[in-house]
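K.L.:
Have a look at the structure that comes next, please.
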Amino acid sequence: MCAMPIVSIIAGTFPMPIVNAPWIRYAGLALIIIGVIMRFWVIRSLGRFFTVDVAIREGHQLKTDGIYSLVRHPSYFASWLSFVGYGFHLNNWISLMVISITMLLAFLNRIRVEEDVLVKQFGDEYLSYRQSTKKIIPGVY
């Protein structure tokens, strides 16, 4: 991701600390680790239906249980959480905003493409599921 070196440069060039305390870096690191663990857990829960490309595999079934009952795209949420954690780790308001917004917009674009495919594959079943869950941030959006 080219956003990571950019926000690192921003943090070094424009010091704007979130807080003047060393714990913020550890909190950021904790968010990174939580996001990575969540992403691996989500990928494992999808099993053979996980792909890095937007694709439907033979026998593909719509997953709506577990974390998918709260949010339609938990893998993207987990990745985004790691990027937010990186912003906190840098302890810089500008870096946090740039990486959080940039990555959220990138994931929302990918979600748009993915949801078009899911609607074509699952039709009303996916539309109904979409009505009952948040898109990327559990309980929020």
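K.L.:
Relative to the compact globular guide of 2.2 N^0.38 Å, what is the alpha carbon radius of gyration of the chain, as a ratio?
P.N.:
This ratio for the chain stands at 1.17.
K.L.:
Here's a follow-up. Based on the mean of other beta carbon atoms within 10 Å per residue, what is the order of 100-107, 2-9, 88-95, 15-22, most packed first?
P.N.:
Descending packing order for the listed peptides: 88-95, 100-107, 2-9, 15-22.
K.L.:
Is the shape of the stretch 1-53 rounded, prolate or oblate, going by the alpha carbon gyration tensor and its root eigenvalues a ≥ b ≥ c, with a/c under 1.5 for rounded and a/b larger than b/c for prolate?
P.N.:
Oblate shape, in that a/c is at least 1.5 and b/c is the bigger or equal ratio.
K.L.:
Could you please state, rounded to a whole Å, how far the C-alpha centre of the stretch 72-141 is from the C-alpha centre of the stretch 14-35?
P.N.:
Each part reduced to its Cα centre gives a spacing of 21 Å.
K.L.:
Taking the Cα centre of the chain as origin, sum charge times position over the Cβ atoms of Lys and Arg (+1) and Asp and Glu (-1), and report the length of that vector in debye to the nearest 20.
P.N.:
The dipole of the chain has a size of about 180 debye.
K.L.:
Tell me the per residue accessible area of the stretch 1-123 using a 1.4 Å probe; a whole number in Å² is fine.
P.N.:
Solvent-accessible surface per residue comes out at 58 Å².
K.L.:
If you don't mind, there's one more thing I want to ask. With the Cα gyration tensor of the stretch 101-141 giving a ≥ b ≥ c as the square roots of its eigenvalues, does the rule (a/c under 1.5 for rounded; else a/b larger than b/c for prolate; else oblate) give rounded, prolate or oblate?
P.N.:
It comes out oblate by the Cα gyration axes.
K.L.:
Below 8 Å between Cα atoms, with a sequence gap of 6+, how large is the relative contact order for the chain in percent?
P.N.:
36 percent
K.L.:
A further question on this structure: Can you give me the angle between helix 23-46 and the longest principal axis of the chain, using Cα atoms only, in degrees from 0 to 90, rounded to the nearest 10?
P.N.:
Once rounded, the angle reads 20 degrees.
K.L.:
Let me ask something else. Projecting each Cα onto the charge dipole of the chain (Lys/Arg +1, Asp/Glu -1 at the beta carbon, about the Cα centre), which of Ser132, Leu29, Phe49 comes out farthest on the positive side?
P.N.:
Selected residue: Leu29.
K.L.:
I've got another one for you. Rounded to a whole number, what % of the accessible area of the chain do carbon and sulfur atoms account for, probe 1.4 Å?
P.N.:
65 percent
K.L.:
Mind checking the log10 I(q)/I(0) for the stretch 49-102 at q = 0.15, 0.18, 0.29, 0.31 Å⁻¹? Debye, one equal scatterer per Cα, no solvent, two decimals.
P.N.:
-0.59, -0.72, -1.09, -1.15
The values are calculated or read from the model by the stated rules, or taken from the named source; none is laboratory data. Here the structure is a predicted model, which is why all the values come from computation and not from measurement. Backbone-built Cβ (ideal geometry, glycine too); neighbour counts: all protein chains shown. The accessibility values were calculated without ligands, DNA or RNA, using every heavy atom of the protein model including side chains. Shrake-Rupley method; radii C 1.70, N 1.55, O 1.52, S 1.80 Å.
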